[in-house]
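Quick one: the structure is below, and I'll ask about it shortly.
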């Protein structure tokens, strides 16, 4: 059997673990509805880092990498609408299509998601030359699209989903807490629409400059400024109409509760199973505030993301800051993420 290099996650305790580069078998199609994808590009996600740190679950002995795209290499015999050589993007969050949420169009609430089937987390993913995926996880891409840019389809779809939930109006002040890769991708989407002002809260100098480059009206460094005081100053003591927590830890949740306006929305996007927080119900009821969760994306978000990338409507080149081979994932890619000296690192196969 043919071999290929892959980045495999190994648990080292009840949670967390290490990733090693190993020679593994090239996967084979076993179901008539499966597709063998030749992976061309895979994005490193903050979730990959949290998996190793113990902040997100994953299956032992699994090839990680859930943000990827590539070319169709082989198709199962029941697949009639794809052919070898087609460019494709992968939705790693497999949905059943038949549960009540799916039937109602709320695919991100699919009951099947709870069974732990996410590609690149609970089953083998894109940190390898090849990956077998079911047909329902595949979006065929336009022939003209650049696959290096198309690697952002999955995270961009999540940002679009978040933006649509936030539903920012022209008169709104939007605050995004955290200018990591997802915070900046969300910024890029929101910046395409007319709003009153866009404020980013971020402590890292590298990310501060990127946030400004992508169009933030103000960037607040919580290490040197009082965030609550500055937000109130910028909003005439009203607060933020929309707060998006793109970090998802306890301290950022508490920060959000100090800066949201009456009648505002708090969209929780960043996810860490270790985070906790406290909010007074009366503070929500009395001022008609809303707390919303933004989790992954739906089909229409994917189609929107594909269109934005294919029409160059999003400045993808400003978001992809590093490109590396798979051989340097552990030596170069993960350290870049830990040091927070990057936005999106893409593994080129």
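Scale the Cα Rg of segment 120-171 by the rule-of-thumb value 2.2 N^0.38 Å and send over the ratio, two decimals.
1.51
Please sort 258-268, 183-193, 63-73 by packing, taking for each peptide the average over its residues of neighbouring beta carbons within 10 angstrom, highest first.
Top to bottom by mean Cβ count within 10 Å: 63-73, 183-193, 258-268.
For a quick protection proxy, order the peptides 238-251, 200-213 by their average other-Cβ count within 10 Å, most packed first.
Answer by packing, highest mean first, reads 238-251, 200-213.
When the helix-only estimate is applied to the chain (DSSP H runs of n ≥ 4, each -39,500 (n - 2.57), divided by the residue count), what is the mean residue ellipticity at 222 nm, nearest 500 deg cm²/dmol?
Dividing the helical sum by the residues of the chain leaves -7000 deg cm²/dmol.
Radius of gyration and Dmax for segment 1-73's Cα atoms, expressed in Å?
Looking at segment 1-73, its Cα Rg and Dmax stand at 13.5, 37 Å.
What shape does segment 186-238 take by its C-alpha gyration tensor, where a ≥ b ≥ c are the square roots of the eigenvalues and a/c under 1.5 counts as rounded, a/b above b/c as prolate, and the rest as oblate?
oblate
Using the Cα gyration tensor of the chain, with a ≥ b ≥ c the square roots of its eigenvalues, what is the shape: rounded (a/c below 1.5), prolate (a/b larger than b/c) or oblate (neither)?
Prolate is the answer for the chain, as a/c is 1.5 or above and a/b outweighs b/c.
Also, I was wondering about something else. Using Cα pairs closer than 8 Å and at least 6 residues apart in sequence, work out the relative contact order for the chain, in percent.
After rounding, I find 18 percent.
Would you mind telling me the antiparallel percentage of the DSSP bridges in the chain, rounded to 5?
55 percent
Here's a follow-up. Sorting check: for 49-61, 74-86, 214-226, which peptide has the highest mean count of neighbouring beta carbons within 10 Å, and how do the rest follow?
Peptide ranking by packing, descending: 49-61, 214-226, 74-86.
Take the alpha carbon gyration tensor of segment 7-118, find the square roots of its eigenvalues, order them as a ≥ b ≥ c, and report rounded if a/c is under 1.5; if not, report prolate when a/b exceeds b/c, else oblate.
It comes out oblate by the Cα gyration axes.
Using a Gaussian network for the chain with springs between C-alpha atoms less than 10 Å apart, which of these wobbles most: 43, 105, 293?
Top of the fluctuation ranking is 105.
If each residue of separation counts as 0.36 nm, what is the full-extension length gain between residue 99 and residue 5 once their alpha-carbon separation is subtracted?
This chain segment gains 30.2 nm when fully extended.
Taking the alpha-carbon centroid of each part, what is the distance from segment 45-118 to segment 269-325 in angstrom?
18 Å
Considering only DSSP beta bridges whose two residues both sit in segment 63-215, what percent are antiparallel, to the nearest 5?
Close to 50 percent.
Also, quick follow-up: Relative to the longest principal Cα axis of the chain, at what angle does helix 153-166 sit, 0 to 90 degrees, rounded to 10?
30 degrees
Still on this structure, I have one more. Any chance you could give the angle, 0 to 90 degrees and rounded to 10, that helix 181-190 forms with the longest Cα principal axis of the chain?
That works out to roughly 70 degrees.
Let me ask another. Could you give the length gained by full extension between residue 290 and residue 193, i.e. 0.36 nm per residue of separation minus their alpha carbon distance, to one decimal place?
Fully extending the segment from residue 290 to residue 193 adds 32.8 nm.
Just so you know, all these numbers are worked out from the coordinates, no wet-lab data involved. As the structure is a computational prediction, the values presented were derived from the model and not from experiment. Positions of Cβ are generated from backbone atoms using ideal geometry, with glycine treated the same way; all protein chains shown enter the neighbour counts.
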